[in-house]
Each structure stands twice: as C-alpha cells, then as structure tokens.
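The values are calculated or read from the model by the stated rules, or taken from the named source; none is laboratory data. Since the model is a prediction, treat every value here as computed from it, not as a measurement. A quick note on method: Cβ atoms are made from the backbone with ideal geometry, for glycine too, and the neighbour counts reach across all protein chains shown. Heads up: the accessible areas ignore ligands, DNA and RNA and are worked out on the full protein's heavy atoms, side chains in. Shrake-Rupley method; radii C 1.70, N 1.55, O 1.52, S 1.80 Å.
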Amino acid sequence: MFRYFSSFCLQLVLLLGHVHGNSSISRRFERGAYSNSGHHSSKLSVKDLALELAKKHLLKMILNEQHDLDKVKESVYILERDRCTNLKSVGEPVTHNTRYRYHGNWMKDPLGIMGAETIFTMEHYSGRVIQAFENMEKFKAGVVHKSYNLPYYFDGTGAVVYGPYLYYNGANSGYINKYNLHTQRLEAQISVSGFTARKNRYMWGGYTGMDLAVDEQGLWALWGSTGNSKRLYASKIDVVTNRVTQTWSLSTERMSSMGNAFVACGVIYCIDSSSGKTTINFAYDTKTSKQWNPNIQFINQYGTNSMVDYNPRERVLYAWDNRHLVTYPLTFEEK
C-alpha cells in the first residue's frame, strides 16, 4: 500500500508542477481512483486507512475549481519534499544491453504515459532517429516497436522523454525542441537565454553543451556556454508555457573538465570524470542554495560514460558507457 501511495504522489507532483486547471487530468485521476478501489483489502490497518484518507483528500481537492489548485500543489509538494533527501551513495552499475554505437542515450518516460516499461534509445550524439521498444525483453532481442524520424537533427546525448514528449537540443541551435511522440509533430521550440550551441561540452565531447534532465520537480536543462567562466548553468523549464522560469549560475569546475551531471530532488550533481573510478564531487541544492562536495564514489565501468540521467519513477540512474547500457542503484539519506 505504501509503495502504491508513494508512486501516486510522485506521478501527481510531476504532473501538477506543470498543469494549471486541466480538467482532463482531473477526470483521469478520478477514473483511476475508482478503478483501483476494487483491489483494496476490506481489512485495512490504521496506517492503510490514513493513507487512503490522505489520497482521497488530495483527489477531492484536484476536482475543485481553479482557485483550489494551488492548495493541492502545496499539499503534494510538502509530501514530496518530505520524501526527498540528498543522495547518499551510488551502487555498482548493472548492465542491461549493448548497442552498436559507442555513445548514445536511453531512457523511460518517468510519468509512465508512454508505457511504464517502454524503452527509448537515441544512438550517437548526432542524428534524427529515436526508437521505442515495448519492454526490456524486446529491447534485448532487438525488436523495435516504433521508430520516429525527427524533423530536426539532435545534438548530444541529453534528450529526455517526459510524458508524451521528447525534449532535445536541436542540432547546432540554441533551442530545446519539444516533439510530440503521439502526433509525431514538433510542438514548440524553447529558447534558453545565454546558450550558444557547440561552444561548451562535457569532457568526452559529442556536442554535449545542453543536457536535459527530469526529477521530482519536473524538467531541467543543464548547460554550458561561453559565460560563467565556462562553468555549468541549470535552468528550470515550465513545460506548459514552454519557457525557462529560473536559471542558476553554478560554481562548478569548467564543463569541459566534468564527466556528466544530473538532477535528483532538486539537487544538481556533477560527476568528476567520464572514465574509470571517479566521484560525484559537486552538489547544489536549488531549494536552499546550499553547495557541497558529497564525495560519492562513481564507477564508469566500461571506460567512457557519455550519458547519465536520473529516473524519478524508478529512482535509479540510466547511463550509456562505451556501448553498454547500464543503470545505477541509488541510496538516499534518511529523514
């Protein structure tokens, strides 16, 4: 029961961070609430009842008028804030598959809208094809479910699938392209002020000046250009209005001296190197403005890690390490 409620809260906070009075979302939550009611045991503990009451209270608030939505968001964010803590350790990588290209990107939709088990891949650091696989078994067997030809080429290995959209840096451009995977159309181009394409990158190269990320708070862009002494910036993106809402200039090492970076629970983490045994040597909490060196051990097992991204639904890191597609189990600090 607790795992179900935690998953509910995660999906709710990811969606509510960007939805403003969308009645269709409300109807889906309402249908989900009633469709799941038949699976609950008639013998509920006090803890189960408390969780059920809390869930029903949140669902009821969602169905209220627009002026109540902010209250719902506040309640859910308090729950997520209490669940979120700083990263404590990163486990050894678990290898799932190998691919032809040495560099690339693989991911799942953390909202589960495109399928909770659907895997997406983008081979190399330049191209215009994204492939979808129904599940891990089909992925290992090489059975492609669907292949998409993007309207514009992509740069780097930092694209993300977030709900029904693929967000990626358009080749040699200062824009984040928002591509609808259902309609197969480009829906928006999000401008990132200060970003100039191919002027900065992670240490291994590959047009990696723009690295997108998703965590419990939504969509982020981690990027480097000619400003901030060529160190990292972090920008929060509103996926409803398709604009950057806030940008942080971080006191990291130069991006070209950095292995990779990711976001978890609103904290920016930087990996010192893309090869060998290294550490996560920088952390910045965007909620508190606290900066520190967490000194967390990190293993690039196969030599050149060209992509590292956090999945808030599974709470693991996805990575593409020299043709090997791996995940890293994570341990977070206790409250």
In segment 219-229, anything over 18 Å from the mean Cα position of the chain (by Cα) and buried (at least 16 other Cβ atoms within 10 Å of the Cβ) is listed as Gly224, Ser225, Asn228
Note on segment 284-304: residues within 25 Å of Gly156 (Cα to Cα), open to solvent by 40 Å² or more (accessible area, probe 1.4 Å) and assigned to a loop (DSSP other than H, G, I, E, B) are Gln301, Tyr302, Thr304
Val263 meets each of (1) closer than 30 Å to Thr98 by Cβ; (2) part of a loop (DSSP other than H, G, I, E, B) with one exception, condition (2)
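Restricting attention to segment 158-178, which residues are among the aliphatic types (A, V, I, L, M) and either closer than 14 Å to Thr118 by Cβ or crowded, with 24+ Cβ neighbours inside 10 Å (or both)?
Going through segment 158-178, the residues among the aliphatic types (A, V, I, L, M) turn out to be 159-161, 166, 171, 176.
Result: Ala159, Val160, Val161, Leu166, Ile176.
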Val143: passes all of (1) surrounded by 15 or more Cβ atoms within 10 Å (Cβ to Cβ); (2) in contact with a helix residue (DSSP H, G or I) (Cβ under 9 Å, 6 or more places away or on another chain); (3) of a type in the set (A, V, I, L, M) but (1)
inquiry  = polar (S, T, N, Q), assigned to a loop (DSSP other than H, G, I, E, B) and touching a residue at least 12 places away in the same chain (Cβ under 8 Å): is that true of Thr226 in this structure?
reply    = yes
Restricting attention to segment 117-151, the residues that are farther than 23 Å from Leu186 by Cβ and among the basic types (Lys, Arg) number exactly 2
Exception for Glu134 within (1) surrounded by 18 or more Cβ atoms within 10 Å (Cβ to Cβ); (2) within 20 Å of Ala319 (Cα to Cα); (3) not small (Gly, Ala, Ser) falls at (1)
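Just to verify a result, which residue in segment 270-283, among those that are open to solvent by 20 Å² or more (accessible area, probe 1.4 Å) and not basic (Lys, Arg), is farthest from His124 (Cα to Cα)? Please lay out each step first, then the result.
First, the residues of segment 270-283 that are open to solvent by 20 Å² or more (accessible area, probe 1.4 Å): 272-273, 275-277, 279, 281.
Adding the requirement that they be not basic (Lys, Arg) leaves 272-273, 275-276, 279, 281.
Working: Asp272: 22, Ser273: 19, Ser275: 18, Gly276: 21, Thr279: 25, Asn281: 27 Å.
Filtering segment 270-283 for residues that are open to solvent by 20 Å² or more (accessible area, probe 1.4 Å) and not basic (Lys, Arg), the one farthest from His124 (Cα to Cα) comes out as Asn281.
Scan segment 305-319 for residues that are part of a strand (DSSP E or B) and either farther than 20 Å from Ala116 by Cα or of a type outside the set (Phe, Trp, Tyr) (or both) and jot them down. Step through it out loud before you land on a result.
Going through segment 305-319, the residues part of a strand (DSSP E or B) turn out to be 305-311, 316-319.
Hits for segment 305-319 are Asn305, Ser306, Met307, Val308, Asp309, Asn311, Val316, Leu317, Ala319.
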Any residue that is touching a Gly at 6+ places or on another chain (Cβ under 6 Å), open to solvent by 50 Å² or more (accessible area, probe 1.4 Å) and under 15 Å from Asn311 (Cα atoms) - is there at least one of those in segment 108-115?
yes
Scanning segment 230-250 for residues that are under 19 Å from Ser273 (Cα atoms) and open to solvent by 60 Å² or more (accessible area, probe 1.4 Å), the one farthest from the chain's Cα centre (by Cα) turns out to be Lys230
Exactly one of Trp204, Trp248 is in contact with a Ser or Thr (Cβ under 7 Å, 6 or more places away or on another chain) and either part of a strand (DSSP E or B) or without any contact (Cβ under 8 Å) to a residue 12 or more places away in the chain (or both), and that one is Trp248
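Tell me, which strands (runs of 3 or more DSSP E) lie completely within segment 91-178 with 2 or more residues that are more than 19 Å from the chain's Cα centre (by Cα)?
Details: elements: 94-98, 104-107, 119-123, 126-133, 146-155, 160-162, 165-169.
Of the strands (runs of 3 or more DSSP E) lying wholly inside segment 91-178, those with at least 2 residues that are more than 19 Å from the chain's Cα centre (by Cα) span 94-98, 126-133, 146-155.
In segment 284-316, how many are among the aliphatic types (A, V, I, L, M) and modelled with pLDDT under 95? Please lay out each step first, then the result.
Of the residues in segment 284-316, the ones among the aliphatic types (A, V, I, L, M) are 296, 299, 307-308, 316.
Retained after the next criterion (residues that are modelled with pLDDT under 95): none.
Residues meeting the conditions: 0.
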